[in-house]
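Here's the structure, in structure tokens; my notes come after.
The values are calculated or read from the model by the stated rules, or taken from the named source; none is laboratory data. A quick note: this is a predicted structure, and the numbers were derived from the prediction, not measured. A quick note on method: Cβ atoms are made from the backbone with ideal geometry, for glycine too, and the neighbour counts reach across all protein chains shown.
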Amino acid sequence: MARIPVLPDAKQAPFLIIGSGIAGLYTALKLSEIGPVVLLTKDHLEESNTTYAQGGIAAAIDPQDSPTLHYEDTMRVGVGLCLPDAVSVLVHEGPSRVRELMSYGVPFDLLEGEPALTKEAAHSRRRILHADGDATGREISRSLAHHVIANPRITVFEEAMVISLLMNAGTCVGVLALMDDGELQTFAAGATILCTGGCGQVYAASTNPPVATGDGIALAYAAGAAISNMEFVQFHPTALFSPPAPRFLISETVRGEGGLLRNTRGERFMPGYHELAELAPRDVVARSILKEMERTHAEHVVLDLSALTAEQIKNRFPNIYETCLQYGLDITGQAIPVAPAAHYLMGGIYTDLYGRTTLPGLFACGETSDPGVHGANRLASNSLLEGLVFGHRITEYLQEHPVQTQTISTDTKVHIHQETSPDTINSDRRLLKEIMSAQMAIVRHGKGLNEALNALSEIAADAPLCLDPSYLELQHLRIVARLMIRAAQLRTESRGSHFREDFPLPNPDWKCRIIIQGDQVAYQPVPDWQETEN
Ligand code: SIN
């Protein structure tokens, strides 16, 4: 253990953004209109979950659609746990934010001069905008990153990993980061905004890139912030299953455009499970696929695209077509083998409608946050929208409530743990994924959850800080995994994406959010929604 007695002088950052998905990039651009911004990202500017988003971004922009219909679809899919006020904000402010994306040059696909709209599960209207067919996230990242790089009021540090939030008398005053040259650097901020994305890497099979290690949630929890709804993890029903190919996402829009699910015996099964068949809510489709896999003793089902011509497939899904081809699968003639994979965390850092966490000075936005819009299950393509809407609201709040950059004492002591071996880190990471995939996936059981929590305690005993990003990520994954299991143990019912074999039915007594802050647990009742919209 080494001790660094004195930290380098802090860099000043009135607005400090951590992360560079849609929430981080867009919020940086908006905040730059009111003051200088520093943006830290642990990889490269365009490497985030956003870049891998395919289907698109949902907004009620069609004359046949309305925010009220979008609201109802979102609330229905959230199975009683969406906060009505938060969803109302999302759907009413969403269309203006999406138009703003167009003004940043995002090349949404057009039909007769207007954005082309597609359909995804549980949407009552075609309301999903997309770009380059099925590369919507990549195009959004590219356009926003281009503006961020060109903006003289935004300073970007890539390969800068935050290892701790800096607190002063309960207020977040900035961060300590490990920079690309291996040195530590402090950043003093008036407002620190965590936009660090999700945590799909707690699972062995995920559609998320390797950077999705729940960093923001772990950092905020360690600093004392409240964290909510961590039991709710969305498994995408259709990720490519063709080992050794990665679990590449096969967008729900493929089903929206006519793709059908069949078991390995060739039987179409979704109509037997839900009236919306292939376009039932994601949790329903994922569990149905699992049942069919068990029934047919198969490791996957298939997505049959025979309703689409080769031309339609190549034009509408160029990214999926090319990627599958790379792994030897020509989807213009072959069905795609698919199975569910971890995709999205509905819970996260508890925030209000202005992205404020329970810690003064600390805000959160995007997948890392939980303002209450997704409840027990997220409506497809609401996630990119969330990053925009709440990034805008954080900016509005900070415009009305100016912040002062805080002072950071340079004699802060930092303990550095240096005795890590890459082999241990890799094997611990594998073990964590095995535990979570076995006990905390689509189907859970109280006994398995207890075993999982015990097994996790064997992994990576707490070290104060460490100069190895992969060790830091392992610590973050461990903190997040524990939070997920604790919440899943507490929720003794099944609702949305949280399915407990030992409590297979929803229970009205559990119409509440589970909020964890340190050792404390609070239960926040969720109001009924029929009465509150409009
Ligand atoms: C997809 O394209 O299926 C993913 C969209 C989403 O997760 O919202």
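Results, tabulated for the structure shown:
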{"read-out": "Within region 53-75, tally of residues that are more than 9 Å from the ligand (Cβ to nearest atom), of a type outside the set (A, V, I, L, M, F, W, C) and under 18 Å from GLY366 (Cα atoms)", "value": "1"}
{"read-out": "Criterion: crowded, with 24+ Cβ neighbours inside 10 Å, within 16 Å of the chain's Cα centre (by Cα) and more than 16 Å from the ligand (Cβ to nearest atom) - qualifying residue of ALA212, ALA218", "value": "ALA218"}
{"read-out": "Enumeration of residues in region 123-132 that are in contact (Cβ under 8 Å) with a residue 60 or more places away in the chain and either surrounded by fewer than 21 Cβ atoms within 10 Å (Cβ to Cβ) or within 11 Å of the ligand (Cβ to nearest atom) (or both)", "value": "HIS123, ARG125, ARG126, ILE128, HIS130, ASP132"}
{"read-out": "Restricting region 323-346 to residues that are within 16 Å of the ligand (Cβ to nearest atom) and not in a strand (DSSP E or B), the residue that is surrounded by the most Cβ atoms within 10 Å (Cβ to Cβ)", "value": "MET346"}
{"read-out": "Pick from region 227-254, criterion more than 16 Å from the ligand (Cβ to nearest atom) and either of a type in the set (A, V, I, L, M) or crowded, with 24+ Cβ neighbours inside 10 Å (or both), ranking: modelled with the lowest pLDDT", "value": "ALA245"}
{"read-out": "Some residue of region 148-165 being within 19 Å of the chain's Cα centre (by Cα), over 24 Å from PRO14 (Cα atoms), surrounded by 23 or more Cβ atoms within 10 Å (Cβ to Cβ) and of a type outside the set (S, T, N, Q)", "value": "no"}
{"read-out": "Checklist (1) outside any loop (DSSP other than H, G, I, E, B); (2) surrounded by fewer than 23 Cβ atoms within 10 Å (Cβ to Cβ) applied to PRO402, failing item", "value": "(1)"}
{"read-out": "Total residues in region 262-300, condition more than 23 Å from ASN382 (Cα to Cα), in contact (Cβ under 8 Å) with a residue 60 or more places away in the chain and either assigned to a helix (DSSP H, G or I) or within 15 Å of the ligand (Cβ to nearest atom) (or both)", "value": "1"}
{"read-out": "Every pair of residues 6+ apart whose Cβ atoms lie under 7 Å, when the first sits in region 171-187 and is under 22 Å from VAL403 (Cα atoms) while the second is among the hydroxyl-bearing types (Ser, Thr, Tyr) and surrounded by 15 or more Cβ atoms within 10 Å (Cβ to Cβ)", "value": "CYS172/THR192; GLY174/THR186; GLY174/THR192; VAL175/SER164; VAL175/THR192; LEU176/SER164; LEU176/THR186"}
{"read-out": "Any hit, region 182-190, residues being within 16 Å of the ligand (Cβ to nearest atom) and either out of contact with any strand residue (DSSP E or B) (no Cβ under 8 Å at 6 or more places or on another chain) or of a type in the set (D, E, K, R) (or both)", "value": "no"}
{"read-out": "Breaking point among (1) within 16 Å of the ligand (Cβ to nearest atom); (2) more than 21 Å from LEU101 (Cβ to Cβ), for SER381", "value": "(2)"}
{"read-out": "Pair list, Cβ < 6 Å and 6+ apart or interchain, from region 446-460 residues that are closer than 13 Å to ARG500 by Cβ and modelled with pLDDT of 95 or more to residues that are charged (D, E, K, R) and surrounded by fewer than 18 Cβ atoms within 10 Å (Cβ to Cβ)", "value": "GLY446/ASP502"}
{"read-out": "Region 133-147 - residue that is of a type outside the set (Ser, Thr, Tyr) and more than 15 Å from the ligand (Cβ to nearest atom) and, of those, surrounded by the most Cβ atoms within 10 Å (Cβ to Cβ)", "value": "LEU144"}
{"read-out": "Within region 301-322, considering residues that are β-branched (Val, Ile, Thr) and part of a helix (DSSP H, G or I), the one surrounded by the fewest Cβ atoms within 10 Å (Cβ to Cβ)", "value": "ILE313"}
